[in-house]
2 protein chains.
Amino acid sequence: MPILSESRKKNRVTLLDVARYAGVSRATASLVIRKSPLVSTETRTKVEAAMKELGYVYNMGAARLRADRSLTIGVVIPNLVNPFFTELLAGIDRILDAAGMVVILVNSRDLVTRQEMLLTRMREHGVDGIILCPAAETEMSLVERMVEWELPLVQVLRRVSDDCDYAGVDYALGMRQAVDHLAGLGHRDIAFALHGPVHSAYQERIDGFREAMDARGLDPGNIIRVPNQIAAIAEAAPLFVSGTSRSSAVVCFNDVVALGLSAGLYDLGMTIGRDFSLVGFDDVADAEAMRPRLTSVATFPEAIGEGAARLLLDRLDKPDLAPRKLVNAPQLHIRQSSTFWQGSVGGRTKNAG
Amino acid sequence: MPILSESRKKNRVTLLDVARYAGVSRATASLVIRKSPLVSTETRTKVEAAMKELGYVYNMGAARLRADRSLTIGVVIPNLVNPFFTELLAGIDRILDAAGMVVILVNSRDLVTRQEMLLTRMREHGVDGIILCPAAETEMSLVERMVEWELPLVQVLRRVSDDCDYAGVDYALGMRQAVDHLAGLGHRDIAFALHGPVHSAYQERIDGFREAMDARGLDPGNIIRVPNQIAAIAEAAPLFVSGTSRSSAVVCFNDVVALGLSAGLYDLGMTIGRDFSLVGFDDVADAEAMRPRLTSVATFPEAIGEGAARLLLDRLDKPDLAPRKLVNAPQLHIRQSSTFWQGSVGGRTKNAG
DNA sequence: GCGACCATTTAGATCGATCTAATTCGGTTG
DNA sequence: CAACCGAATTAGATCGATCTAAATGGTCGC
């Protein structure tokens with residue numbers, strides 16, 4: 001069942017055609033393409049002219065079969081619509097593109113079985129390596145299996161095994177920055193708003209929050225899960241400002257949560273940056289456009305993508321390198337959504353709580 | 001210069017190994033893989049067992065060389081960080097993935113020469129077809145050349161040639177919806193805020209705005225270009241509310257512009273949905289999360305992506321189909337950012353202007 | 001004049017699948 | 001009993017490049 005038209009496969013210009021036209025052998029023409037220094041300038045120009053003349057198109061498929069290299073990298077992302085992953089992807093693409101490689105992009109939708117299927121598909125396509133942001137609940141054995149297959153692999157953002165390269169963020173440091181900032185402004189009742197699937201980055205942020213609160217002598221018990229859909233997050237806002245868990249500030253799992261809570265607090269008639277403080281995480285482009293502007297811990301997804309891509313290129317070069325870790329330091333961007341605690345909202349201290 | 005380790009290419013399990021192990025010929029094993037009905041159930045199970053036993057991985061590269069089909073589609077996008085394109089991509093991916101195909105994603109960054117290079121690269125990789133959102137200022141000849149190459153092509157969102165499939169949006173209708181809505185609310189001085197590179201969708205939106213205003217007897221002269229960076233858009237807000245071009249409502253080129261202007265108007269102390277009306281375009285996920293909620297013309301990027309992918313699959317099936325157009329009707333989502341004109345801002349009518 | 005040596009070029013095998021054109025074989029038919 | 005059939009299987013050519021190992025041709029030293 002040939003999907004393509006017959007005409008396509010016919011009269012295709014091959015290297016042999018080029019070689020004949022230029023009056024050299026197939027082997028020489030091949031050397032010219034690969035920019036080998038072995039050929040004389042004279043024949044090189046002759047062959048290049050022939051290629052242009054005949055409209056020759058290099059056939060990577062054939063080359064890959066023989067040379068076992070496809071100039072193709074598989075990128076597995078759990079989510080395409082979150083701007084964070086998009087920026088990550090942009091970073092990956094920038095570096096790989098510059099290296100003449102091409103990205104095969106797939107979306108695991110955070111489903112492990114789907115991820116498994118996609119990884120097989122990539123192997124079948126003969127990718128030279130894979131950049132993987134593991135789906136939630138990915139088991140360590142997956143990565144071990146891939147190492148066994150000798151398929152170069154870089155984990156990004158989430159980590160399931162230490163036997164393999166990883167590019168990510170120092171989430172604990174980011175949380176410390178957020179908490180220290182709010183504590184410095186006088187806040188004592190600081191909540192943490194979470195959502196999304198559970199994975200290493202999720203856990204690291206929670207742990208980071210707890211440690212940072214503990215270090216400040218504050219109660220880290222106020223950790224609340226909010227819905228995943230952005231519109232629904234707004235409706236969860238009352239959880240933070242009323243009842244026993246009332247707080248004066250929230251550290252958000254990411255900017256999506258911050259945006260949602262910001263909307264919800266607005267609906268409650270509260271003014272962010274006056275009645276309540278909000279700190280986002282990731283600092284995606286919209287944080288700067290929010291009003292009031294969102295204080296956020298920048299994690300530089302594009303830079304992480306670039307780092308991951310570079311790790312992979314290095315590994316392709318030297319497959320026997322020991323596993324490396326690239327842990328980016330985040331950076332707090334202070335804007336208008338976080339301000340001094342003025343006590344006007346009423347509060348709950350660790351002792352009184 | 002072999003990039004890959006020696007060990008990788010050695011001891012790879014091939015179809016021949018599988019065949020030998022199962023006690024059949026290479027040809028039969030090939031038939032089993034391709035799920036041909038020609039083989040008996042008995043040998044099928046035998047071969048499948050052998051594949052599992054040996055850990056066989058199908059080599060698409062080799063198959064493609066012979067069969068001239070790669071199950072690979074090139075997708076060329078001008079911008080990776082705009083959420084609109086991401087949703088589009090998600091739609092494309094959903095359909096192609098279900099068809100067992102894989103996306104090779106590249107980013108033209110709206111540069112024609114880069115786009116040219118990338119298209120060549122895709123051809124070299126032997127993609128079965130291409131979904132292209134043409135970079136600004138792409139010439140018609142590009143598409144014609146691709147048709148000549150017999151490389152199945154679908155244009156998406158932007159159109160440079162009628163000789164080729166296209167999936168997009170009825171921008172004129174969307175503009176009419178936006179303008180009619182605002183006019184119905186009593187607004188007479190309606191501006192249009194533009195940005196970004198110039199392409200067919202850009203032009204169609206402008207034309208649509210003009211026609212819709214004309215049809216209502218309103219002056220469509222107030223078309224203003226704002227910066228491209230979202231943070232800078234906010235600073236352009238004064239252009240709309242002061243000076244001779246003062247208006248009471250703005251139709252925005254897309255939601256990014258709307259978000260930026262919303263921030264800028266906030267900075268000027270104005271309240272959207274009371275002092276001023278704003279209508280966005282595209283209705284990406286954040287529109288629902290803005291406060292006040294953004295009235296926006298939904299263009300359903302994910303559906304467009306799905307449509308484009310389906311057009312391409314159809315064309316792979318029947319290369320000689322006449323070029324088709326899939327023009328989605330947008331849909332106005334009325335929320336809080338647009339309200340009755342209360343005359344409190346002062347105004348300028350067509351006659352008075 | 002002969003071998004050594006360098007730079008350049010090349011013939012032919014090869015990668016791992018698919019495709020074509022048989023071949024095999026048990027069973028039926030005239 | 002030969003001819004024929006359909007279902008199942010297969011040998012061998014093939015896709016378009018790369019790689020290996022060897023050939024070619026010219027220059028140089030001795």
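Measuring only protein heavy atoms, the 1.4 Å probe finds A:ASP286 accessible over about 50 Å². Taking a ≥ b ≥ c as the square roots of the eigenvalues of the Cα gyration tensor, an a/c ratio of 1.5 or more together with a/b no larger than b/c marks the protein assembly as shown as oblate.
With every protein chain in place and a 1.4 angstrom probe, the accessible-area ranking of A:VAL47, B:VAL24, B:VAL147, largest first, reads B:VAL147, B:VAL24, A:VAL47.
Among the protein heavy atoms of the stretch B:171-300, carbon and sulfur supply 52% of the accessible surface, probe 1.4 Å, non-protein parts ignored. Residues considered: B:GLU204, B:GLU42, B:GLU150. Largest GNM mean-square fluctuation over chain B, using C-alpha springs under 10 Å, is found at B:GLU42. Can you tell me the 0 to 90 degree angle between the C-alpha axis of helix A:171-184 and the longest principal axis of chain A, rounded to 10? For helix A:171-184, the angle is close to 30 degrees. The dipole here belongs to the stretch B:171-300: it is taken about the Cα centre, uses +1 on the Cβ of Lys and Arg and -1 on the Cβ of Asp and Glu, and is about 240 debye.
A straight line joining the Cα centroids of the stretch B:135-170 and the stretch A:58-73 runs 28 Å. Taking chain B as a Gaussian network, where each spring joins two C-alpha atoms under 10 Å apart, which residue of B:LEU65, B:LEU105, B:LEU118 fluctuates the most? Among B:LEU65, B:LEU105, B:LEU118, the largest mean-square fluctuation in the Gaussian network model of chain B belongs to B:LEU65. For A:LEU278, the residues whose amide H sits under 5 Å from its own are A:VAL250, A:GLY273, A:SER338, A:THR339, ignoring neighbours fewer than 5 places away on the same chain, with H placed 1.01 Å from N. Taking 0.36 nm per residue of separation and subtracting the Cα-Cα distance, full extension of the segment from A:ASP207 to A:ASP275 would add 21.7 nm.
Equivalent-ellipsoid semi-axes (√(5λ), Cα gyration tensor) for the stretch B:224-297, whole Å, largest first?
Details: eigenvalues 62, 36, 25 Å².
Taking √(5λ) for each eigenvalue gives 18, 13, 11 Å, largest first.
For the pairing of chain B with chain A, what total accessible surface becomes buried, with a 1.4 angstrom probe, in square angstrom to the nearest 100? Result for this pair: about 6000 Å² buried. How tilted is helix A:41-54 with respect to the longest principal axis of chain A? Cα atoms for both, answer in degrees (0 to 90, nearest 10). Taking the Cα atoms of chain A, the angle to A:41-54 is about 80 degrees. Give me the one-decimal nm value for the distance between modelled label points at B:ARG145 and A:ILE224, 7 Å along each residue's Cα-to-Cβ direction. Here the answer is 5.8 nm between the modelled labels.
With the Cα gyration tensor of the stretch B:93-133 giving a ≥ b ≥ c as the square roots of its eigenvalues, does the rule (a/c under 1.5 for rounded; else a/b larger than b/c for prolate; else oblate) give rounded, prolate or oblate? It comes out oblate by the Cα gyration axes.
Computing the accessible area with a 1.4 Å probe over protein heavy atoms, can you report the carbon and sulfur percentage for the stretch A:1-160? Result for the stretch A:1-160: 54 percent of the exposed heavy-atom area is carbon or sulfur. Extension gain, B:ALA231 to B:LYS318, is 26.6 nm, computed as 0.36 nm per intervening residue step minus the present C-alpha separation. Solvent-accessible surface (1.4 Å probe) assigned to A:ASP267 amounts to roughly 80 Å². Please name which of A:GLY280, A:GLY186, A:VAL47 has its Cα lying farthest along the dipole of chain A towards the positive end, using unit charges on Cβ (Lys, Arg +1; Asp, Glu -1) and the Cα centre as origin. With unit charges placed on the Cβ atoms, the residue in question is A:VAL47. For the stretch A:171-299, the per residue solvent-accessible surface stands at 32 Å², with DNA, RNA and ligands left out and a 1.4 Å probe. The charge dipole of the stretch A:12-58, taken about its Cα centre with unit charges on the Cβ atoms of Lys, Arg (+1), Asp and Glu (-1) only, comes to about 120 debye. Rounded to the nearest 20, the size of the Cβ-charge dipole of the protein assembly as shown about its Cα centre is 1240 debye, with Lys and Arg at +1 and Asp and Glu at -1. For chain B, the relative contact order works out to 17 percent when only alpha carbon pairs closer than 8 Å and six or more residues apart are counted. Beta bridges per DSSP, both residues in the protein assembly as shown: antiparallel share near 10 percent. Note on A:THR41/A:ASP170: beta-carbon distance plugged into 1/(1 + (r/R0)^6) with R0 of 60 Å gives a FRET efficiency of 0.70.
What percent do you get for the relative contact order of the stretch B:171-300 when only Cα pairs under 8 Å and 6+ apart count? List each step's numbers first, then the result.
Details: 215 pairs, mean separation 31.7, N = 130.
In percent, rounded to a whole number, it is 24.
Put simply, the amide H of B:ALA298, placed in the peptide plane, has neighbours under 5 Å in B:ASP282, B:GLN331, B:LEU332, B:HIS333, leaving out anything fewer than 5 places away on its chain. In degrees, nearest 10, range 0 to 90: what is the angle between the Cα axis of helix B:112-125 and the longest Cα principal axis of chain B? Approximately 20 degrees, to the nearest 10.
With a simple spin-label model that places each label point 7 Å from the Cα along the Cα-to-Cβ direction, the separation between A:VAL81 and A:ALA215 comes to 3.7 nm.
What residue among B:TYR166, B:TYR202, B:TYR56 has the largest mean-square fluctuation in a Gaussian network model of chain B, using Cα springs under 10 Å? Greatest mean-square fluctuation among the candidates belongs to B:TYR56. Under the simplified labelling scheme, the A:MET117-A:GLN336 pair shows an inter-label distance of 4.8 nm, with each label point 7 Å from Cα along Cα→Cβ. Rolled with a 1.4 Å probe across the full set of protein chains, the surface gives A:TRP341 an accessible area near 90 Å².
Each helix, a run of at least 4 DSSP H residues, gives -39500 (n - 2.57); summed and divided by the residues of chain A, these come to -13000 deg cm²/dmol at 222 nm. With both residues required to sit in chain B, DSSP beta bridges show an antiparallel share near 10%.
Under the rule a/c < 1.5 gives rounded, and otherwise a/b versus b/c splits prolate from oblate, where does the stretch B:171-300 land using the Cα gyration tensor? Rounded, since a/c falls under 1.5.
The values are calculated or read from the model by the stated rules, or taken from the named source; none is laboratory data. Keep in mind the model is a prediction, meaning the values are calculated, not measured. Please note: Cβ atoms are built from the backbone with ideal geometry, for glycine as well, and neighbour counts cover all protein chains shown. In case anyone asks, the SASA skips ligands and DNA or RNA and just uses the protein heavy atoms, side chains included. Shrake-Rupley method; radii C 1.70, N 1.55, O 1.52, S 1.80 Å.
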